[in-house]
């Protein structure tokens, strides 16, 4: 009985996570990406990738993600919408899926 319950939960989780990832996402140009600046000489300069949220430290965000991720601490810190933060808490971070996605987005600078 326990095996059937665990397998059923696994199937539900995998179905949810794959359906969540299958929605088409319209990408926009990322202004934080590395841009090539050519000057009069032959050298090329690159601008560094910065955080998409002005004034918010990535290190603080990751610490909040680690210790208060279950309470959406990192999402409150970055000023995400309240309704989505509450939904994040109620669903336990999308059973951990949104929680990991948030970490990847923070590291990439897209959060």
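What follows is calculated from the coordinates using simple rules that are stated; it is not laboratory data. Just so it is clear, the structure is predicted and the values come from calculations on it, not from any experiment. Ideal geometry is used to build each Cβ from the backbone, glycine not excepted, and the neighbour counts take in all protein chains shown.
Please give the contour-minus-distance gain from residue 101 to residue 86: 0.36 nm per residue of separation, less the Cα-Cα distance, rounded to one decimal in nm. Walk me through the numbers before you get to the answer.
Working: separation 15, 0.36 × 15 = 5.40 nm, distance 1.68 nm.
So the extension gain works out to 3.7 nm.
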Among 98, 70, what is the fewest-to-most ranking by other Cβ atoms within 10 Å?
70, 98
